[in-house]
Structure formats: structure tokens, C-alpha cells
Amino acid sequence: MPDGGCNIAYAALDRHAHGPMASHTALRFVTADGWDGDLATRDLSYAELARLARCFTNVLRELGVGKGDRVFTMMSRCPELYVTIMGALRNGSVVSPLFSAFGPEPIATRLSLGEAEVLVTTRAHYVRKVAKVRDQLPSLKHVLLIDDGAADGDEPGTLGFWRCMAAASDEAPITHTTPDDPALLHFTSGTTGTPKGALHVHGAVTMHYVTGLYALDLHADDIYWCTADPGWVTGMSYGVIAPLLHGVTSIVDEADFDAERWYRILASQGVTVWYTAPTAIRMLIKAGPELASQFRFPSLRFVASVGEPLNAEAVWWGKRVLGLPIHDNWWQTETGGIMIANTPAFDIKPGSMGRPLPGVTACVVRRHDDGTVSVIDEPDIEGELALTPGWPSMFRTYLHAEERYRNSFADGLYLTGDLVKRDADGYFWFVGRADDVIKSAGHLIGPFEVENALTDHPAVAEAAVIGVPDPTVGEVVKAFVALKDGYPADDDTMRSLMAHARKRLGAAVAPKVIEFTDSLPHTRSGKIMRRLLKARELGLPEGDTSTMETTGTMETAS
Ligand code: ATP
Ligand code: MG
């Protein structure tokens, strides 16, 4: 920044607004309305997005909202979302995006935990989810509705977003912020428990830039599509910030997942770089090869995936259907950016999440009962993935859970909660969440290994594995399996699947019990919720289900 500070929105937007990128398309929205096979789009240039962001900065200033104040968003992937995020960051305010499909309770919890001062949303979301609990949210001073101005008048206690924008000047000097000033508040996916609020700073922008380059290979002439919703960290770091930093044109699909629509977007929009998630890939695989064969993707040159383990079969599916293998990478809300990746610069090891990016130091550790850890130097040994702190996008705290934050560090390392192995070439292989690992007859069994073997069976669409307590061996492996359309859930399929699992995994690791199910519980960001399967199996309370996907359709993945 010219004043020597650091602000994400300056690097992502202001920097481009008056330079050679000004008229370049920043965001191409594929509209949701009336899709009948044809896709309608509308473009927003870097200069126009920057102008609108400056107006929104002034809207906040007029309202007395300043540096460090929290601005929450709850809306679909529409232009106002991007304007709000950038305008608020310019103002030095802290942005917290909420996933718009959340129900009233998770919304209220997050607004309260995050001490939201401003909420930008739609009239329908506000009326259904916030109005009734507004008196329990004393910090929430201003609610702006993006679809205000309707004939039936304003909603009491709210302001019209566009009316405020129309009254605002488009000249707004950016607020001075430093790399250590808070910028973003992200709630984790809640796969393993109650979602945590991870606070990130403006300095994270360095990581967004570098990883956009090294892990996703973004360049200004790219047409880039990140399928994650900005309600999750992937959608913010790599759906909003990194692409703007690199001056690319981002595709934003305003609609939810639909296999044919997604293939059509990839093909007709000339997408060159695609960043998606295993859950989406599994759904495309499920939709069958016939649909895929109707499309060609000559512009596509790089495909990456994050969020859950990507099995080797999915990597090769990419090669067959898209013409490119899929590059898996690993990170989490807490890391703020990609840490480990199969980069374009190196060969993919299918089934592995890749190697640490330049500047990232990762190791495998064993935890001891006294709270210390020791580093495992030998390859191919299972342990917890740990990172040397200090990368710029590292989270700075869990909101109102300082002790939990401190407990995620030991002996100078950040402990990720994920179990991995590192091979002799330095590639990391995901084993499972530490919470999900099964201890059976002295073995530690990673659910991913078992699920991976099961999904290789032609009848299986998706599998999830848990440990069920057993007096003799500690835990026995139980698998929940959703079959592909056309395969019967009968004894023959069961026998074939059991035999396949034993052959692949051996009797000690293969599931002892398999249960067929129509579908598995997922978070809205597309992750399988094994803790829920386990709670149901054991008749225990289900715990926090606020992020559970309930509509039967996946919202775009994290
Ligand atoms: P919570 O912490 O609330 O339980 P969560 O960990 O699912 O939720 P996120 O931060 O969205 O929330 O997800 C990060 C986690 O996703 C990682 O810690 C890891 O378990 C999993 N993950 C991400 N990328 C990969 C990958 N490439 N392979 C395997 N697992 C991955
Ligand atoms: Mg987590």
C-alpha cells in the first residue's frame, strides 16, 4: 500500500482499479434464473467492482462503523456479496461471511459469538432467521437488505443497501491497516464438533497471492472457477481474494450444484483453471459417463481439489473425463491458505495430498500424554500433521476460546488434528481426522483407507467408516455405504463388497459390518460427518448439527 500498510482489498482491488486491469472482467456471474440449458451471464469489471466497494466503504463510515467492527454477510453468490466484502475490508472492518443456507439457530449463534455490528443480507433471510431474535443480539446495530425498495416498504429496523449506496460518494480513501490487523472471521465446517471462529489478519494476503500462483497457477488471462461458497474459507481465500489478486476473471455460479449445468459452465465459459472439492467430483461421477461425454473442455489446463481426501480413482476420473488429472491440496480454516499441494510443477502422486509449498514447514508428530510431542523422522509412519507457525495466513485466535487456541500448539508447532503419513519423497498421505481414527485389536485404522477401498468397488457411490466399541478388540470397523443408482442393496452386493474389502484390506482392517444407506450425512461444505454416524450408532446425542446439509442437494463445496 502507498502508505506502507497492508490491506487485502487494496492488493486485490484498489491496485487494479486505475491500472491496465481496470476494464478487465473481475467477476462473471452465471445467473440462477430460469435455467433451461442456456446460461445467462453478467460481468463486473475490476474498476466497477472497486467503485462499488468504495461506495460501500462510505456507507459504513456514514453509519459510524469503523476499524475492527464486524460486518457479517448472509446472501447467495451475488454482486452485493463481493461489494460488501471488499468495501468492508477497505474500511478496516472485519468480514465474517455466513453460509446463506444456515437456519435461524446457527445464524444467531454466529452473529452473537462474532459480535456482529452490521449484517448485509436479503429481506427473506432477515425475516425468517434474524428478525425474531434481533433483541437477543445487542451488538447488531445495522441490518442492510440488498433487495430493499420493494413496493411493500422497508422492513422495520433495516436499511436499504442500494439506497445507502446511491447516497454514498465513490471517493473513499482506504483505511490504514497493518499486516497484523484483523480482517476475516471464519467459522470452521463443524465436521468434528461445534464450529470454531478462526480470526485472520490482513497479512494473510501474501499467502493468498503466493498459493494462488504456486498451487493453482493463476495468471491474469485465466478464466477461473472456484466452486466453493464464500460462506466457507475456501470460497473467501480462493473464490474472492486470490483470483482478484492475480487479476483473473472469476466465474461465479449463482445456482446450486447440477451436474449438467456444471459441465456446461466448464465447457461454454472456457474455464482454464478449476478449483473444486471431492464431494462435487463424487457427484459428477455419480451422474454417469454418458452426460460427461456430451461435453469437451479444450480450454481447461489445471484442476485442483480440496476439503476431503481425493482418492486415486477420482484423480484418474479427471484424466478420463476432463482430460486432466486432479491436483489434490490440503489446508484448513485455521491455516487460511493452501499448505500442502500437488502443484503444477511436480508430478501428482494420485491419492496423496502433495508436498508442503515453498515456505511451509510440515512434519509428522506423535502426541504424548504430558502434552509434549515428538517429531517422527522416518517415512511412512502415521502421526499427526504439524506445521511450524509463522506463515502469514495463520489464524490468530479462536474467538472466545483462547485456551483452545493455545492447546493447538505444542513444542513450537501447530497441531492440525489430522493424521497423515509422509513418504520418502516428502509427499503427505491423509489417514483420517485424529477424532475419527479407529483403534481395533492394537491397530490404528484410518477411515480413509477403508473408504477408499470400498469406493473402488463398482457398486459403491460413497462410503463412511466408523469404529464401534467392542469388548474384545476395542473397536470394530463399521462401514456405511451408499450404492450407485441401479445396484440393489441385497445379499449378493453385500457378499461381493465384503469379499472385495477383505481382499484389498485384509481381515484385520476390512469392515466387520456394512450397512447400506440411501445417503450419508454431510456438512454443507460437503464433508462426511462421521461423528454423526457414530452418535446415531451408539444412541448418543448428535451434538452440533448446525452445519449439516439437510436439503438433499449439495450447496457448492468448501
Ligand atoms: P471442524 O474443525 O469444525 O471439525 P473442519 O475441520 O471440517 O471442521 P475445515 O477447516 O473447513 O473445517 O476443513 C479442514 C479439514 O478438511 C482439514 O483439517 C482436513 O481434515 C480436511 N481436508 C482438507 N483438505 C483435505 C485433503 N486434501 N485431504 C484430506 N482431508 C482434507
Ligand atoms: Mg477442523
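The values are calculated or read from the model by the stated rules, or taken from the named source; none is laboratory data. Please read all numbers here as calculations on a predicted model, not as lab measurements. Quick reminder, even Gly has a Cβ in these numbers, built from the backbone with ideal geometry, and neighbours come from all protein chains shown. Please note that ligands, DNA and RNA were not included when accessible areas were found on the heavy atoms of the full protein model with its side chains. Shrake-Rupley method; radii C 1.70, N 1.55, O 1.52, S 1.80 Å.
Values computed for the structure shown
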{"item": "Spans of strands (runs of 3 or more DSSP E) in segment 1-107 with at least 1 residues open to solvent by less than 30 Å² (accessible area, probe 1.4 Å) and under 18 Å from Gly231 (Cα atoms)", "result": "25-30, 70-74, 94-98"}
{"item": "Residue that is surrounded by the fewest Cβ atoms within 10 Å (Cβ to Cβ), among those in segment 486-526 that are more than 16 Å from ligand 1 (Cβ to nearest atom) and closer than 29 Å to Phe102 by Cα", "result": "Asp518"}
{"item": "Hits in segment 182-193 (condition: away from ligand 1 (no atom under 16 Å from the Cβ) and among the aliphatic types (A, V, I, L, M))", "result": "Ala183"}
{"item": "Unmet requirement for Asp380, which otherwise passes all of (1) touching a residue at least 40 places away in the same chain (Cβ under 8 Å); (2) in a strand (DSSP E or B); (3) open to solvent by 60 Å² or more (accessible area, probe 1.4 Å)", "result": "(2)"}
{"item": "Boolean, Pro179 is within 13 Å of ligand 1 (Cβ to nearest atom), in a loop (DSSP other than H, G, I, E, B) and either more than 24 Å from Gly354 (Cβ to Cβ) or among the polar types (S, T, N, Q) (or both)", "result": "no"}
{"item": "Given (1) open to solvent by 40 Å² or more (accessible area, probe 1.4 Å); (2) in contact with a Lys or Arg (Cβ under 8 Å, 6 or more places away or on another chain); (3) closer than 30 Å to Pro289 by Cα, index of the condition Pro447 fails", "result": "(1)"}
{"item": "Any hit, segment 414-436, residues being within 16 Å of ligand 2 (Cβ to nearest atom) and among the hydroxyl-bearing types (Ser, Thr, Tyr)", "result": "yes"}
{"item": "Pairs, first without any contact (Cβ under 8 Å) to a residue 60 or more places away in the chain in segment 345-362, second open to solvent by 80 Å² or more (accessible area, probe 1.4 Å), C-beta under 8 Å, six or more apart", "result": "Pro350/Trp316"}
{"item": "Residues within segment 194-219 that are of a type in the set (A, V, I, L, M), in contact with a Pro (Cβ under 9 Å, 6 or more places away or on another chain) and within 13 Å of ligand 1 (Cβ to nearest atom), tallied", "result": "1"}
{"item": "Test: residue in segment 195-207 that is within 16 Å of ligand 2 (Cβ to nearest atom), open to solvent by 10 Å² or more (accessible area, probe 1.4 Å) and in a loop (DSSP other than H, G, I, E, B)", "result": "yes"}
{"item": "Any hit, segment 323-341, residues being open to solvent by 40 Å² or more (accessible area, probe 1.4 Å) and in contact with a Gly (Cβ under 9 Å, 6 or more places away or on another chain)", "result": "no"}
{"item": "Exclusive hit being within 19 Å of the chain's Cα centre (by Cα) and either within 19 Å of Pro79 (Cα to Cα) or touching a residue at least 40 places away in the same chain (Cβ under 8 Å) (or both), set Ile241, Ile174, Ile223", "result": "Ile241"}
{"item": "Hits in segment 383-415 (condition: part of a loop (DSSP other than H, G, I, E, B) and over 22 Å from Thr188 (Cα atoms))", "result": "Asp411, Gly412"}
{"item": "Selection count, segment 127-147, where residues are of a type outside the set (Asp, Glu) and under 27 Å from Arg61 (Cβ atoms)", "result": "13"}
{"item": "Scan of segment 335-371 for residues that are within 14 Å of ligand 1 (Cβ to nearest atom) and of a type in the set (Lys, Arg), ordered by number", "result": "Lys349, Arg355"}
{"item": "Cβ-Cβ under 7 Å pairs, at least 6 apart or on other chains, segment 423-435 side on the phi > 0 side of the Ramachandran plot, far side surrounded by 14 or more Cβ atoms within 10 Å (Cβ to Cβ) and assigned to a loop (DSSP other than H, G, I, E, B)", "result": "Gly432/Gly446"}
{"item": "Test set (1) under 21 Å from the mean Cα position of the chain (by Cα); (2) farther than 16 Å from Val431 by Cα; (3) within 13 Å of ligand 1 (Cβ to nearest atom) - Gln332 fails condition number", "result": "(2)"}
{"item": "Residue among Leu387, Leu413 that is within 14 Å of ligand 1 (Cβ to nearest atom) and in contact with a strand residue (DSSP E or B) (Cβ under 6 Å, 6 or more places away or on another chain)", "result": "Leu387"}
{"item": "Inter-residue pairs, beta-carbon under 7 Å, first farther than 16 Å from Thr335 by Cβ and in segment 404-415, second aliphatic (A, V, I, L, M), 6+ apart", "result": "Ala410/Val373; Asp411/Val373"}
{"item": "Pick from segment 436-450, criterion within 25 Å of the chain's Cα centre (by Cα) and in contact (Cβ under 8 Å) with a residue 60 or more places away in the chain, ranking: farthest from ligand 1 (Cβ to nearest atom)", "result": "Val450"}
{"item": "Matching residues in segment 460-474 - criterion: being assigned to a strand (DSSP E or B) and open to solvent by 30 Å² or more (accessible area, probe 1.4 Å)", "result": "Pro469, Asp470, Gly474"}
{"item": "Matching residues in segment 376-433 - criterion: being farther than 30 Å from Ala116 by Cβ and of a type in the set (Ser, Thr, Tyr)", "result": "Thr388, Tyr427"}
{"item": "Hits in segment 420-443 - residues which are modelled with pLDDT under 90 and in a loop (DSSP other than H, G, I, E, B)", "result": "Val437, Ala441, Gly442"}
{"item": "Scan of segment 280-301 for residues that are in contact with a Phe, Trp or Tyr (Cβ under 9 Å, 6 or more places away or on another chain) and either open to solvent by 30 Å² or more (accessible area, probe 1.4 Å) or more than 19 Å from Arg28 (Cα to Cα) (or both), ordered by number", "result": "Ala280, Ile281, Met283, Leu284, Ile285, Ala287, Leu291, Ala292, Gln294, Phe295"}
{"item": "Some residue of segment 153-165 being more than 16 Å from ligand 2 (Cβ to nearest atom) and touching a Cys at 6+ places or on another chain (Cβ under 9 Å)", "result": "yes"}
